[in-house]
Each structure stands twice: as C-alpha cells, then as structure tokens.
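Read through the structure below, which is laid out as structure tokens, and then see the notes.
The values are calculated or read from the model by the stated rules, or taken from the named source; none is laboratory data. Everything quoted here is computed from the prediction, not taken from an experiment. Glycine gets a Cβ as well: all are built from the backbone with ideal geometry, and neighbour counts include every protein chain shown.
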Amino acid sequence: MGHHLVKRDVKSCRELLADYQAGKQAFGAEKLHFSGTGSRDVYNITAPFEDDGELVIAGRVESRDTEHSHVYFFVNRGGEWMVRPNSPVFELQDPFFTRIGGELVLGGVEIFPHPEIKDALGWRTVFYKGKTISSLSKFAVGPDGMKDLRLVELKDHRIGVFTRPQGDKGGRGKIGFAKIDRLEDLTVELIDDVPLLSGQFTDDEWGGVNEVHLLSNGLLGVLGHIASFDEEGNRHYYPMTFVLDPETEAFSDISLIAVRDNFLPGEAKRPDLADVVFSGGLVRKEDGTADLYAGISDAEAQKITIDDPFLPYEA
C-alpha cells in the first residue's frame, strides 16, 4: 500500500484540471430540492447521515444577499428534502459531521464581529457532540480565523486532526495534520501548533479538508477542495481527494474528482462564485462508485456520481 502514497510534485489547479479532463468524468448530476426554508438558498450541505433511524442532511441556509446563515437538518420525503420537525437550528455556516467514540460530532463555522476591523467579520470552527442531533452540545472551539478544521477517528481509536491555517503559517490556506488521544486534547494551542503537509499547494492557491473517511486498511481518504483566483478575481473551487497514512504521515498527490461543468446549470450567489463546487460529503457505495454531495456556486446543492476515489488504496 505504501507505493501509492508517494507525493510527487505540487500541481496548480490548471494542471490538475488538465489531468482530470483527460480522464473519466463524473456523471449523473441531479439537483437536491429543499423545502421549509422559504425563499432562502440551501447549499454547502453534508452528505446524508443516519440519526435516530433515518437519513438526515445538514445544510447551510441563507438569503442570496447575505452570509448570515443557519444550519438546518433535512429529511427526505418523497424525493424532496424537508426541514426536519423539532430538530435544532444552529447559527453556523458549512456544516460537517463525523462519528467519534460512538457519538455524532457536528461542526460548522461561526461568524462574529471582527475584534479589530470595523464592520468586518471574523470566523471560527465550533464542534458539538451527542448521541443524536437532538442531544448535541458544544465541546470545542477552533482558533479565530480558521475554517476547514476536521476530525476523524482512527483505526486505533486515536483522533486525526486536519487543520487549515492561513496567514504567516498557511498563506491563503494549507492543510495540517496531527493525532490526539482524545477529544479533550483538542485545544486552540494544539491546533495552532499542528505541522503542515508540505508541497500540496502553490503559494497563490489554497485548499482545505471537507470530510475524512477511514479506509478498511487504516489509511485516511480525504475529501477536500483546492481553489484559485483568476486574473479577473473570480474564484475557482474544485473538489479533490488524496489519501494519507496516519502512522507515517505519507500522502498521495491531490486529484480532482469533479468540476462545475459536470453539474447541472444553476444560479450563483455572485458572478465571481459561478465556478465554485464545495465538497460536502462522499457516500461510498458497494458498486465501486461514490456519490459526491456538493454546494454549487454558493446558491444550491447537487449530487453527482464518480468512481470511488479511495477504492484503489484499499486494494
């Protein structure tokens, strides 16, 4: 399994795009339809996960002209995802989930008035845990200014921590990785000290982790995004994957798994966000494919099917 995890070179979005377009494309795109949130958009969703015996999607819900968002929980009723009755609503952006120690861990991004810059917003990642959605309570907060903080339970029941510092340490955003023994060890100080995985992004591009899958052999299948600005200042976000060995911390090259054009046409929050695909979550299936759930252009949610990107690493 080791030879797969040789990191070769840093590739730009443009090079990764060329590689992707030369290979097999994603297929079977469909829009997810949500109800119960009025005229607000639902985007940057999680993949469906089980709670109290039924499949639930958490989604970012907000009006087109603001970034003040709430996370709602939706259940599928006749092909439509409806707001789940009696479920909590969180004042967060970009929800994500995992399971650690038999509990549901749910996180998202909290925005708050910036402590130094007038009329600006700061943000941080917050974590909740509980046996079910209805019993979630807050247990950890990440450093101010950090999104894309993710946790995963490892085969030995330790916890992998993926970080994404920006600024002096991470530039526009690079990925770090460390292991902790238990959730109580997840402190701002620890997160700030996590070393970066080297050679994943050029300095004018950035990326982050969205969801982590523990593979059958203990390797970690990482679903994330890589992003760039073009000359006009438009943003380009591409869903990508790589695989990391939590023991040796060796990791594979990044590969794109879908592009905006694979999905159905739709609206965008702003013109500069038209080419944004936000990796929500991946559901691996028995037939060797996987469904990618994604936020599209910061305005809607879609799913698409791809070849399971992690299967070759389990062989």
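Checked against (1) among the charged types (D, E, K, R); (2) touching a residue at least 24 places away in the same chain (Cβ under 8 Å); (3) surrounded by 12 or more Cβ atoms within 10 Å (Cβ to Cβ), residue 15 meets all criteria but (2).
In the stretch 292-313, the residues that are within 20 Å of residue 82 (Cα to Cα) form Cβ pairs under 8 Å with partners that are of a type in the set (D, E, K, R) and in a loop (DSSP other than H, G, I, E, B), at six or more places apart or across chains, as follows: 298/269; 298/270; 299/64; 299/267; 299/269; 300/267.
Is it fair to say residue 205 is under 26 Å from residue 271 (Cβ atoms), surrounded by fewer than 21 Cβ atoms within 10 Å (Cβ to Cβ) and out of contact with any Phe, Trp or Tyr (no Cβ under 6 Å at 6 or more places or on another chain)? In short, no.
Candidates in the stretch 264-282 are the residues that are in contact (Cβ under 8 Å) with a residue 40 or more places away in the chain and within 18 Å of the chain's Cα centre (by Cα); of these, the one that is farthest from residue 222 (Cα to Cα) is 275. The residue that is surrounded by the most Cβ atoms within 10 Å (Cβ to Cβ), among those in the stretch 183-193 that are without any contact (Cβ under 8 Å) to a residue 40 or more places away in the chain and over 21 Å from residue 122 (Cα atoms), is 185.
Screening residue 128 with (1) crowded, with 17+ Cβ neighbours inside 10 Å; (2) modelled with pLDDT under 95; (3) of a type in the set (Ser, Thr, Tyr) gives one miss only, at (2).
Of 154, 186, all but one fail to be touching a Pro at 6+ places or on another chain (Cβ under 6 Å), farther than 18 Å from residue 94 by Cα and not charged (D, E, K, R); the exception is 154. Residues in the stretch 47-67 that are assigned to a strand (DSSP E or B), over 18 Å from residue 296 (Cα atoms) and acidic (Asp, Glu): 50, 51, 54.
For the stretch 191-203, enumerate the residues that are outside any strand (DSSP E or B) and touching a strand residue (DSSP E or B) at 6+ places or on another chain (Cβ under 7 Å).
To start, the set of residues in the stretch 191-203 that are outside any strand (DSSP E or B) comprises 191-195, 197-203.
Hits for the stretch 191-203 are 191, 194, 195, 197, 200, 201, 203.
Residues in the stretch 136-172 that are small (Gly, Ala, Ser) and either in contact (Cβ under 8 Å) with a residue 40 or more places away in the chain or touching a Cys at 6+ places or on another chain (Cβ under 7 Å) (or both): 140, 142, 160.
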